[in-house]
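To keep things clear, I will list the structure first and then write my remarks on it.
The values are calculated or read from the model by the stated rules, or taken from the named source; none is laboratory data. Nothing here was measured: the structure is a model prediction, and the numbers come from that model. Neighbour counts run over all protein chains shown; Cβ positions are idealised from the backbone, glycine included.
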Amino acid sequence: MKRCAEKLSEHGHSMTYEIHAKDFILDGAAAFFGPPSLFNDWPVLGEFDGAIMNPPYFKVSKASPCARVMEEVVHGQPNIYAFFLAGAAQMLRPGGQLVAITPRSFCNGLYFRGFRHWFFEKIALDHIHSFESRTETFRDVLQESLVTASHRLGKPSANVTVSTSNGLNINTAKCATLPTAMVIDNSCGHANIRIPASREDQAVAEVVESWPHRFPELGLRISTGPVVMFRATDFLLSQANGKGTAPLLSVFNVKPFRIEWPVIHKKHPTAFKICRDSQRLLLPTRNYVLLRRFSAKEERRRLTASCLIASEALPPFIALENHLNYVYHAERELKPDEVYGLAALFNSNLLDRYFRTISGNTQVNATEIRSMKLPPLPTVAGIGQKVSGLASLDCNAVELIVLRELGINPQLCAHLLEGTLFSHT
Ligand SMILES: C[S@@+](CC[C@H](N)C(=O)[O-])C[C@H]1O[C@@H](n2cnc3c(N)ncnc32)[C@H](O)[C@@H]1O
């Protein structure tokens, strides 16, 4: 604050300040929340012109005093930074400005859905800045971080500026002004915030969102593998042992398009006992797309999908570990071409770019897959037929098929094909 005051004074301004060594939520924001009382009229009107914050980030329990103050904002597992944003939103006067550096996690996902609805009823987003290289910018911060500038309504902003800089040098930031509806996507009621970092990302988002059906409308379902290792120790086997055992598949067995099994490792069991007690944890061997739920940060792709095609050579059951999701059809078995087509889409650079615009998280969860749009199933199967006919499932060749079958314009194709030169790790 001293340095701020000095800088302002160098430029002919003056600034006075007062530091409140108090709890921002309990001693500051609390007076602006909660039901009317003798001491506080409702609604309490904000009075501040601006808030600039770098709030703390950590999860808080629903029973904590802060969470009780912020009852109307709490949904799922709360994080203290959302309380700081909510507190500032409530304390600003109409038109007052808020600039905050926070994790990106509030932008999508179910945990923050209630918060987003609450927040964006009061606050209009003006600018989002994201950092392409998180290592240089926030060495100690694991999460992707954002700077957002917004103002208390007032009236909503028609547009949002989205900028991205490579590391700390924000003078070289790429910048685009987009209609608010393109950034805050409320099409399925989640108010998800998309951050298309470039013109190409905007084009990718437009392509994906122009597809006609959401995932469940095609009859598709996605579930998480039922085997939680530490709860299933009675059934874990280091090796398969004839008919009474099923292959146990985990993240490291799932490679683009194929399943590598068994992967012998002294710590990981490779098979699962088939018995009456273990039946509830087994799946019948059918045609599935298997998706890794987690990717490592250094991996090029968010999604890795493999094809499980049932055949007589396979045992009748498989065991899937819960770091995997599997895709199936609600009413019938998926056709092999559909399995290959879905895997080709999930493994494509096109969807990878899309997921990066909708989420900063390395994890792609089932909810995000369920709410995504897809081309019609016959188109997906057409992709699958061509892909499964390839002599080798080379990344570039697959991408080319996906882009051609979807009729993506040549300019965007060229951009996305460049991206595939960095293949899966
Ligand atoms: C990410 S640091 C930012 C520090 C400083 N504002 C900056 O930008 O360098 C978050 C700060 O919030 C403080 N903090 C944590 N909980 C708080 C609370 N309930 N009320 C006020 N400050 C809090 C922490 O002590 C920490 O200094």
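Quick notes
- Among the residues making up the stretch 57-87, those that are more than 25 Å from Gly189 (Cβ to Cβ), within 12 Å of the ligand (Cβ to nearest atom) and either within 24 Å of the chain's Cα centre (by Cα) or buried (at least 20 other Cβ atoms within 10 Å of the Cβ) (or both) are Tyr57, Phe58, Val60, Cys66, Val69, Ile80, Phe84, Gly87.
- So Ala197, is it crowded, with 17+ Cβ neighbours inside 10 Å, out of contact with any helix residue (DSSP H, G or I) (no Cβ under 9 Å at 6 or more places or on another chain) and assigned to a loop (DSSP other than H, G, I, E, B): no
- Among the conditions (1) surrounded by fewer than 24 Cβ atoms within 10 Å (Cβ to Cβ); (2) within 16 Å of the ligand (Cβ to nearest atom); (3) among the hydrophobic types (A, V, I, L, M, F, W, C), the only one that Phe115 does not satisfy is (2).
Yes/no per residue for (1) assigned to a helix (DSSP H, G or I); (2) of a type in the set (A, V, I, L, M, F, W, C); (3) over 20 Å from Tyr326 (Cβ atoms):
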site	(1), (2), (3)
Leu351	yes, yes, no
Glu368	yes, no, no
Val387	yes, yes, no
Arg404	yes, no, yes
Leu412	yes, yes, yes
His415	yes, no, yes
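- Scan of the stretch 88-105 for residues that are more than 14 Å from the ligand (Cβ to nearest atom), out of contact with any helix residue (DSSP H, G or I) (no Cβ under 6 Å at 6 or more places or on another chain) and not charged (D, E, K, R), ordered by number: Leu92, Pro94, Gly95, Gly96, Gln97, Ser105
- Here Leu249 fulfils each of the conditions (1) farther than 17 Å from Tyr354 by Cα; (2) exposed (fewer than 14 other Cβ atoms within 10 Å of the Cβ) apart from (2).
- Within the stretch 14-45, being modelled with pLDDT of 90 or more, in a loop (DSSP other than H, G, I, E, B) and surrounded by 10 or more Cβ atoms within 10 Å (Cβ to Cβ) holds for Met15, Asp23.
- Among residues of the stretch 116-134 that are among the aromatic types (Phe, Trp, Tyr), those with a Cβ under 9 angstrom from a residue that is at pLDDT below 90 and assigned to a helix (DSSP H, G or I), sequence gap 6+ or separate chain, pair up as Trp118/Glu72; Trp118/Val73; Phe119/Val73; Phe131/Thr137; Phe131/Ile170.
- Scanning the stretch 325-346 for residues that are part of a helix (DSSP H, G or I), crowded, with 18+ Cβ neighbours inside 10 Å and not small (Gly, Ala, Ser) returns Asp337, Glu338, Val339, Tyr340, Leu342, Leu345, Phe346.
- Residue that is surrounded by the most Cβ atoms within 10 Å (Cβ to Cβ), among those in the stretch 349-378 that are among the hydroxyl-bearing types (Ser, Thr, Tyr) and touching a Phe, Trp or Tyr at 6+ places or on another chain (Cβ under 9 Å): Ser371
- Residue within the stretch 297-315 that is closer than 28 Å to Val207 by Cα, crowded, with 21+ Cβ neighbours inside 10 Å and among the small types (Gly, Ala, Ser) present: yes
- Yes/no for Leu334 being of a type outside the set (Lys, Arg) and at pLDDT 95 or above: yes
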